Amino acid sequence: MSESVLLLGSGGREHALAWKLSQSKHVSDIYVAPGNAGTVLEGGKIKNITDLDIKQFKDVSNYCKEKKIRLVLVGPEDPLANGIADHLTEKEIPCFGPSKQAAEIEWSKDFAKKFMIRHAIPTAHYQSFTDPVEACEYINKADHKALVVKASGLAAGKGVIVAESREKACQAVNDILKDKKFGNAGDVVIVEDLIEGEEVSILAFTDGETVAMMPPAQDHKRLNEEDKGPNTGGMGAICPYSKICEEMLKFIKEEIIQKTVDGLKQEGRKYVGVIYAGCMITKSGPKVLEFNCRFGDPETQSILSLLKSDLYDICKACTNGTLSTNRPVFDTQHATVGIVLASHGYPDKYQKGMEIKGLGDADKLGVKVFHAGTLQKEDKIVTNGGRVLLVVATETDMESASLRALQGAAMIQFDKVFYRKDIGHHVLRDAREKPPVLNGLTYKDAGVDIEAGNSLVETIKPVVKDTQRPGCDAALGMFGAVFDIKAAGFKDPLLISGTDGVGTKLKVAHAVGNHDSIGVDLVAMCVNDILAHGAEPLFFLDYFASGKLHVDTAAHVIKGIADGCKEAGCALVGGETAEMPGLYHGEDYDLAGFTVGAVERENLLPRLGDIKPGDHVIGLRSSGLHSNGFSLVRRILEKKELRFDMPSPFKTGKMLGEDLLTPTKIYVKSLLPLIKEKKIKAFCHITGGGLRENIPRILPEHLSVTLDAKSWYMPAVFGWLSELGGLSEKEMAKTFNCGIGGIIIVNRSESNDIIKSLESVGESAVIVGTVEKYTGKEKLKIKNLEVALVQSWRHVPGVSRKKRVGVLISGSGTNLQSLIDYTRDVSNNSCAEILLVISNKDSVQGLKRAKQAGINTKVINHTEYKSREEFDEAVSLSLEAAGVEIVCLAGFMRILSSDFVKKWHGRLLNIHPSLLPSFKGANAHKLVLESNVRISGCTVHFVAEEVDAGAILIQESVPVYPNDTESTLSERVKKVEHKAFPKALELVASEAVSLKPGGKLEWKHY
């Protein structure tokens, strides 16, 4: 069966697509709109359509119906960004190209970067800006090379500036944001870290699920040879790019391309067509520079020259979802080099209309010439663009293809023609400098560098030597290490061993590029564990495994291990450095630690028989997260599109990642003297499993522990994570240390002296709880944890956030709904967010409204309390536990106690259905009608101890009609209530108005 195809676009990429489609036995007619250079694309199956405006989607679909088009193939990005695929799909016309939503991966670099962060796709650090001042401030203060400036929108391949200095980067920002050099494409600017390496173009076919990779290509973006000069749309391309091994290609396919396609599908953006990832091959592996939603130019011309399969069949397989059984086949025995012939002045101003000669000669040479910026004028072909032609040569090796392409380019002439003569120089230079090895392979050829390992040993010897201690003469290089336990001073010792790692905290170290303290974490995790048995750490061994050993990185890690060993008083006696290409990617590495300690038999912990009810539990302050829960931390940051290189929210002046890398505290030297004096009955290291799972391990069966979270210092990071991730107090307690890195159990009578002793050696310790009889319910009870978490984050100076709101209801909650709608409407940019709804009645409609909006609800039944004061106290505690800062009464049918009103002074709002001070109290509508007034309304006011007497924030009026009933008047007043209450809440949340102690309003701005 012969089919008709419509190809949209008129560049060199489209010429290559038309040429390849013309080879299909299934295709009878290829309509190209808008047509290119007349005779060049005309002839055979190819027909120019010069009167079809591809911006008019309805005209395009009508043309498809008229010509019975079976496939539309979209070349350029603009129609895709504007939704042509959506339009054609709606008209049941198969379209090879992604929907507008899926194509956002190209037309919004801001979206693309956030998408990559969400889905853990490797890319450069970045920030987006709409304000040029903020962007330049970031560029000048960044501690990395923030020198790549990009217009977020489509800029015809010219919206990327790789600046040579901070000044030029700022100039690029101003060109884009202030001077609108790229029009609306520059409404948002991206500032990226300048990452170094070689660029490679990765293209793949996809039907939205299956991914079929094309051979990797390399585009040459810079105008001049040796990759110098301004960025262009591309000055040439080679295929395949042979410097990528199969292992790396597999990584790119799985961790970049497939992840992208899967991620877009998960977000409701199923992607059909060609996806293009421009990648930089860095020392730490491939990182995505940008995505394109279509074939690349000039890569397409070189890649399609190697395609052996029928292009039409592949495109149809993508549109009908059968790519998994119709994968493309490429020629693996040949290589291509494509050279762009450009007009003088490109990529800036250039002349048009210059006659092109020598096309026939180049054709005879056997190269393929693709037209990009040409035009037929009478009987001549003339230039009509910056990039005019692309000459592609296909040969058995890259060097031969380069020579043939250069010969073909030299045969073509037009006035001031310009082209690069070094396309493929990265690959060609390596091939010339590394002649084929005729002798046998070496271990290094397999990716294992013994010399690098030896170099590492020499590098770390000095730091290892510093960890020597009695019993051990640390010497690296032997098969094992000897430790003389008698020389260490032990008489009747028990040996205690421990092993651990640092988990995915390693990912943070990679992201930040700081490996100095991760070794301290490794030691801390091991020595604190054996300290729980009362053991003094004697010696330590490490295991460092990587795909490619980078001596500098490994040296920093092991230096940290040595630092941790010195802090713990143990010797670093050796370790294993394993280089395992194929198991680890790029600069990824893993760590494990092993320690052996000893304790005199009489000092072994825990002393379960000595622990009794009434004993004090002393908490040892943690330095932060230590090394647990980082998989959850990373997941939260991904979901919230946050980065480790952003400024720390804790106002420390560091990056977030640096704060999170704060090393785990080592408690050995501060606790060992007390253990030897038998002052400590038990020590618990708060590690994996958090407070909730670790503390019960050191308790006898008949005892439990109660902690009070208000008694210890809670670092802000825990409150921040709890709020950001919506984590319950139970989840926090079983995942993190929540500010307590370890606890000790001591006699109540000795606790104060022990705390003073700990403080004298620099340890921060405080009584955090008591030992109690176990009642069969909980081995560990933690009071006030939720309140402590909220307050730890709320009290960080200089942090701005939405005000937390709690709403009290008793019924249907129509005013609650108006508050929800207003605060959730992004166009309002509200300063408030509703976190909790409390009702004194179960199953009321207001609770259902809150649950549907995903807001936490709680029922506190007033009938279960002896007094109004007890009930109000329970409500207040629940509001405080949720971190509520403003309380709104929305149909709450309870009179609040004096204590409650005083506690929430200036933060408690009510709405009343009359124009106060008239018609206070209940039955306001009835009183209005009985008084025969002709105007009523509603009042939002601060709550005072006297009913309906607080300072008035907002009033809205409505007319009262002669035939009104209480019901009709109530409905009219409700409508204005739904406007007035959100306005009043916004005034308070934005701090435009506040209530002074005397009850007067203070207006700051409005």
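The values are calculated or read from the model by the stated rules, or taken from the named source; none is laboratory data. The shown structure was predicted, so the numbers you read here are calculated from the model rather than taken from an experiment. As a convention, Cβ positions derive from the backbone with ideal geometry for all residues, glycine included, and neighbour counts pool all protein chains shown.
Checking each residue in the stretch 335-392 for being within 20 Å of Leu17 (Cβ to Cβ) and in a loop (DSSP other than H, G, I, E, B) picks out Val367, Ala372, Gly373, Asn384, Gly385. All conditions in (1) in contact with a helix residue (DSSP H, G or I) (Cβ under 9 Å, 6 or more places away or on another chain); (2) surrounded by fewer than 19 Cβ atoms within 10 Å (Cβ to Cβ) hold for Lys665, with the sole exception of (2). Within the set Val766, Val790, the sole residue that is surrounded by fewer than 18 Cβ atoms within 10 Å (Cβ to Cβ), assigned by TED's automatic domain parsing to the domain that holds Lys681 and touching a residue at least 24 places away in the same chain (Cβ under 8 Å) turns out to be Val766.
Hey, does the stretch 292-311 have a residue that's in contact (Cβ under 8 Å) with a residue 40 or more places away in the chain, under 33 Å from the mean Cα position of the chain (by Cα), part of a strand (DSSP E or B) and not assigned by TED's automatic domain parsing to the domain that holds Asp415? Please lay out each step first, then the result.
Step one: list which residues in the stretch 292-311 are in contact (Cβ under 8 Å) with a residue 40 or more places away in the chain, which gives 292-307, 310-311.
Imposing the further condition that a residue be under 33 Å from the mean Cα position of the chain (by Cα) reduces the set to 292-300, 303.
Still in the running and part of a strand (DSSP E or B): 292.
Right, trim to not assigned by TED's automatic domain parsing to the domain that holds Asp415 and you get 292.
Yes; the residues of the stretch 292-311 include at least one that is in contact (Cβ under 8 Å) with a residue 40 or more places away in the chain, under 33 Å from the mean Cα position of the chain (by Cα), part of a strand (DSSP E or B) and not assigned by TED's automatic domain parsing to the domain that holds Asp415.
Scanning the stretch 375-385 for residues that are under 18 Å from Arg13 (Cα atoms) and either crowded, with 23+ Cβ neighbours inside 10 Å or free of Cβ contacts under 8 Å to residues at least 24 places away in the same chain (or both) returns a single hit, Thr383.
The residues listed here are Ser918, Ser897, Ser878; of these, the one that is within 25 Å of Ile820 (Cβ to Cβ) and not basic (Lys, Arg) is Ser878. Where strands (runs of 3 or more DSSP E) fall entirely within the stretch 951-1006, those with at least 3 residues that are in contact with a strand residue (DSSP E or B) (Cβ under 9 Å, 6 or more places away or on another chain) and under 18 Å from Cys888 (Cα atoms) are at 952-959, 993-995. Here Ile190, Ile195 are screened, and the one residue that is surrounded by fewer than 24 Cβ atoms within 10 Å (Cβ to Cβ) and aliphatic (A, V, I, L, M) is Ile195. Strands (runs of 3 or more DSSP E) fully within the stretch 814-900 that include at least 3 residues being surrounded by 15 or more Cβ atoms within 10 Å (Cβ to Cβ) and at pLDDT 90 or above: 832-839, 886-889. Residues in the stretch 360-374 that are buried (at least 19 other Cβ atoms within 10 Å of the Cβ) and aliphatic (A, V, I, L, M) were compared, and the one that is farthest from His344 (Cα to Cα) is Val367.
Give the stretch 2-20 a look and list any residue that's under 17 Å from Arg70 (Cα atoms) and over 40 Å from the mean Cα position of the chain (by Cα), or say none.
Across the stretch 2-20, the qualifying residues are Ser2, Glu3, Ser4, Val5.
Here is the figure for the stretch 218-239: residues that are touching a Leu at 6+ places or on another chain (Cβ under 7 Å) and touching a residue at least 60 places away in the same chain (Cβ under 8 Å) total 4. In contact (Cβ under 8 Å) with a residue 24 or more places away in the chain, among the hydrophobic types (A, V, I, L, M, F, W, C), touching a strand residue (DSSP E or B) at 6+ places or on another chain (Cβ under 7 Å) and not in a helix (DSSP H, G or I): is that true of Ile275 in this structure? Yes. State which residue is modelled with the lowest pLDDT when the search covers only the stretch 487-509 and only residues that are surrounded by fewer than 22 Cβ atoms within 10 Å (Cβ to Cβ) and assigned to a helix (DSSP H, G or I). That would be Lys507. Across the stretch 394-453, the number of residues qualifying as of a type in the set (A, V, I, L, M, F, W, C), modelled with pLDDT of 90 or more and assigned to a helix (DSSP H, G or I) comes to 8. Ala169 meets each of the listed conditions (1) among the aliphatic types (A, V, I, L, M); (2) farther than 22 Å from Lys308 by Cα; (3) touching a Pro at 6+ places or on another chain (Cβ under 7 Å) apart from (3). Residues of the stretch 901-937 that are part of a helix (DSSP H, G or I) and within 42 Å of the chain's Cα centre (by Cα): Lys903 alone. Filtering the stretch 560-595 to residues that are farther than 19 Å from Cys472 by Cβ and charged (D, E, K, R) leaves Glu579, Glu587, Asp588, Asp590. As for the stretch 69-80, it holds at least one residue that is more than 25 Å from Leu264 (Cα to Cα) and at pLDDT 90 or above. The set of residues in the stretch 200-213 being assigned to a loop (DSSP other than H, G, I, E, B) and in contact with a Phe, Trp or Tyr (Cβ under 7 Å, 6 or more places away or on another chain) consists of Gly208 alone. Is the stretch 151-161 home to any residue that is under 20 Å from the mean Cα position of the chain (by Cα), in the same structural domain as Val288 (by TED's automatic domain parsing) and assigned to a helix (DSSP H, G or I)? Within the stretch 151-161, none of the residues are under 20 Å from the mean Cα position of the chain (by Cα), in the same structural domain as Val288 (by TED's automatic domain parsing) and assigned to a helix (DSSP H, G or I). Checking every residue in the stretch 795-811 against the condition of being at pLDDT 85 or above, on the phi > 0 side of the Ramachandran plot and in the same structural domain as Leu896 (by TED's automatic domain parsing) gives zero matches.
Residues that are closer than 26 Å to Ser2 by Cβ and either out of contact with any Phe, Trp or Tyr (no Cβ under 6 Å at 6 or more places or on another chain) or not assigned by TED's automatic domain parsing to the domain that holds Leu154 (or both) number at least 2 in the following strands (runs of 3 or more DSSP E) confined to the stretch 33-137: 46-48, 69-74.
Within the option set Ala102, Ala124, Ala85, Ala120, being in contact (Cβ under 8 Å) with a residue 40 or more places away in the chain and either hydroxyl-bearing (Ser, Thr, Tyr) or surrounded by fewer than 16 Cβ atoms within 10 Å (Cβ to Cβ) (or both) holds for one residue only, Ala120. Considering Val988, Val958, the condition of being closer than 17 Å to Tyr822 by Cβ and not small (Gly, Ala, Ser) is satisfied by Val988 alone. Yes or no: Leu632 buried (at least 19 other Cβ atoms within 10 Å of the Cβ) and in contact (Cβ under 8 Å) with a residue 24 or more places away in the chain? For Leu632, the condition - buried (at least 19 other Cβ atoms within 10 Å of the Cβ) and in contact (Cβ under 8 Å) with a residue 24 or more places away in the chain - is not met. Considering Asp645, Asp588, Asp659, the condition of being modelled with pLDDT under 95 and assigned by TED's automatic domain parsing to the domain that holds Asp516 is satisfied by Asp588 alone.
Checking the stated criteria, Ile281 turns out not to satisfy the condition of being among the hydrophobic types (A, V, I, L, M, F, W, C), touching a residue at least 12 places away in the same chain (Cβ under 8 Å), within 21 Å of Arg327 (Cβ to Cβ) and outside the structural domain of Val369 (by TED's automatic domain parsing).
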